[in-house]
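**Student:** Pasting a structure here, questions to come.
The values are calculated or read from the model by the stated rules, or taken from the named source; none is laboratory data. Predicted, not measured: the structure shown is a model, and the values here were computed from it. All Cβ positions, glycine included, derive from the backbone under ideal geometry; neighbour counts span all protein chains shown. Only protein heavy atoms, including side chains, enter the accessible area calculation; ligands, DNA and RNA are left aside. Shrake-Rupley method; radii C 1.70, N 1.55, O 1.52, S 1.80 Å.
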Amino acid sequence: MKLIHNFKSPNFNDRKSNKIEIIVIHYTALSTLSNSLKYLCSKKNKVSSHYLISQSGKIYSLVSEKKRAWHAGQSYWKGITDINSISIGIELDYSPSEINNKFSLKLNSALIFLLKKIIKKYKIRTENILGHSDIAPYRKIDPGRHFPWQMLENKKLSYRPQIINQLDFNNNLINEWFRKNKFYSIKKKILFMLNFIGYDISLAIKNKIYFNQLIDAYSNHYKIYKNYYYNKKKIFDVIEVHFLNIILTKNKK
Ligand SMILES: [Zn+2]
């Protein structure tokens, strides 16, 4: 698959890090490919991405991977706020409310091709393949609840928490730890675990609306029934498994 180099965005600068660790997936929320190309390549908009993938599966290279494209905006992951400096941004020609409101087969296979290439080149960990809504849950909802994360997980291009055999054992340890540190409510535990996974919890701590947005962002990515107030236990269980996965893989090293 060949990349298309006919369109270039002037919106980039130098990376402040030479390590590329994260891939951020977006959708354009614009109705056509030509609008998206125009938008991402227009100087006055001050936004860009490294790649744009069309509904027909064409991959446009808009900014060199060596440069810092401007796609993440104000964002956060694992304590890092300049996500643009350490990431590659991929825009998808998709809008939930327009004619391009499907993640087409051709778009998906081009995305798979591109992800494989970038992951291999920079040795990016699957848990760092993220959506814009993961790194900016209070501002952004793209790539949205219909984005096929499970397809990427099946191809090992995105992280899926695994059920752990010694779950009971670890459960007790974690529960003990929560008790000692006075994490009594489910909400507090969830926030602690989401922050450990990588999410910015700053706004969700005190505000119910922001808390719901954070749960929505997580649920859209990990495909769980997302209404916290109806399904606290289920959401808690999924996040706990995810959290334990990360602790256990960290300990393995
Ligand atoms: Zn975005």
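**Student:** Which residues make up the longest stretch of the chain that has no GluC sites (Glu not before Pro) in a DSSP loop with at most 15 other Cβ atoms within 10 Å?
**Tutor:** After excluding every exposed loop site, the longest remaining stretch is 99-253.
**Student:** Mind listing which trypsin sites (Lys or Arg not before Pro) in segment 169-198 are in a DSSP loop and have 14 or fewer other Cβ atoms within 10 Å?
**Tutor:** Sparse-neighbourhood loop trypsin sites (Lys or Arg not before Pro): K182.
**Student:** Oh, and also: For the chain, set up a GNM with springs between Cα atoms under 10 Å and report which of L130, L173, L40 has the largest fluctuation.
**Tutor:** L173
**Student:** Compute the length gained on full extension between F196 and E65: take 0.36 nm times their separation in residues and subtract their Cα-Cα distance, giving the result in nm to one decimal.
**Tutor:** 44.3 nm
**Student:** May I pose another question? Which percent of the accessible area of the chain is formed by carbon and sulfur heavy atoms (probe 1.4 angstrom)?
**Tutor:** Looking at the chain in its full context, I get 55 percent from C and S.
**Student:** Obtain the nm distance between the two label points defined at N101 and M1 by a simple spin-label model: each point lies 7 Å from its Cα along the Cα-to-C-beta direction.
**Tutor:** 2.5 nm
**Student:** Oh, and also: How big is the Kirkwood radius of segment 1-89, worked out from every pair of different alpha carbons and given in Å to one decimal?
**Tutor:** Every distinct Cα pair counted, the radius reaches 13.3 Å.
**Student:** Moving to a separate point now. Which value, in Å² rounded to 10, gives the accessible area of T32 with a 1.4 Å probe and all protein chains present?
**Tutor:** So the heavy atoms of T32 present about 60 Å² to solvent.
**Student:** Compute and list, largest first, the equivalent-ellipsoid semi-axes of segment 57-123 from the alpha carbon gyration tensor, each √(5λ) rounded to a whole angstrom.
**Tutor:** With the √(5λ) rule applied to segment 57-123, the semi-axes are 23, 16, 11 Å.
**Student:** Given the peptides 133-140, 112-119, arrange them by the average over their residues of other C-beta atoms within 10 Å, most packed first.
**Tutor:** 133-140, 112-119
**Student:** What aspartates and glutamates could a cross-link reach from K121, if we take a straight Cα to Cα line under 18 Å and drop same-chain neighbours fewer than 8 places away?
**Tutor:** Once the sequence-local aspartates and glutamates are set aside, what remains near K121 is E21, E65.
**Student:** Counting other Cβ atoms within 10 Å of each Cβ, which trypsin sites (Lys or Arg not before Pro) in segment 9-40 have at most 16 and sit in a DSSP loop?
**Tutor:** When the trypsin sites (Lys or Arg not before Pro) of segment 9-40 are filtered for loop state and at most 16 Cβ neighbours within 10 Å, K16, K19 remain.
**Student:** Moving to a separate point now. Rounded to a whole number, what is D in µm²/s for the chain from Stokes-Einstein with the Kirkwood radius over alpha-carbon pairs (10 °C, 1.306 mPa s)?
**Tutor:** Approximately 84 µm²/s, per Stokes-Einstein.
**Student:** With +1 on each Lys and Arg Cβ and -1 on each Asp and Glu Cβ, how big is the dipole of the chain about its Cα centre, in debye rounded to the nearest 20?
**Tutor:** 440 debye
**Student:** Please give the contour-minus-distance gain from N231 to I247: 0.36 nm per residue of separation, less the Cα-Cα distance, rounded to one decimal in nm.
**Tutor:** 3.3 nm
**Student:** Taking 0.36 nm per residue of separation and subtracting the Cα-Cα distance, what length does fully extending K206 through S109 add?
**Tutor:** Gain on stretching K206 to S109: 30.8 nm.
**Student:** Could you provide, to the nearest whole Å², the per residue accessible area of the chain with probe 1.4 Å?
**Tutor:** Dividing the accessible area of the chain by its residue count gives 53 Å².
**Student:** Ordering Y230, Y76, Y159 by accessible area with a probe of 1.4 Å, largest first, what comes out?
**Tutor:** Y230, Y76, Y159
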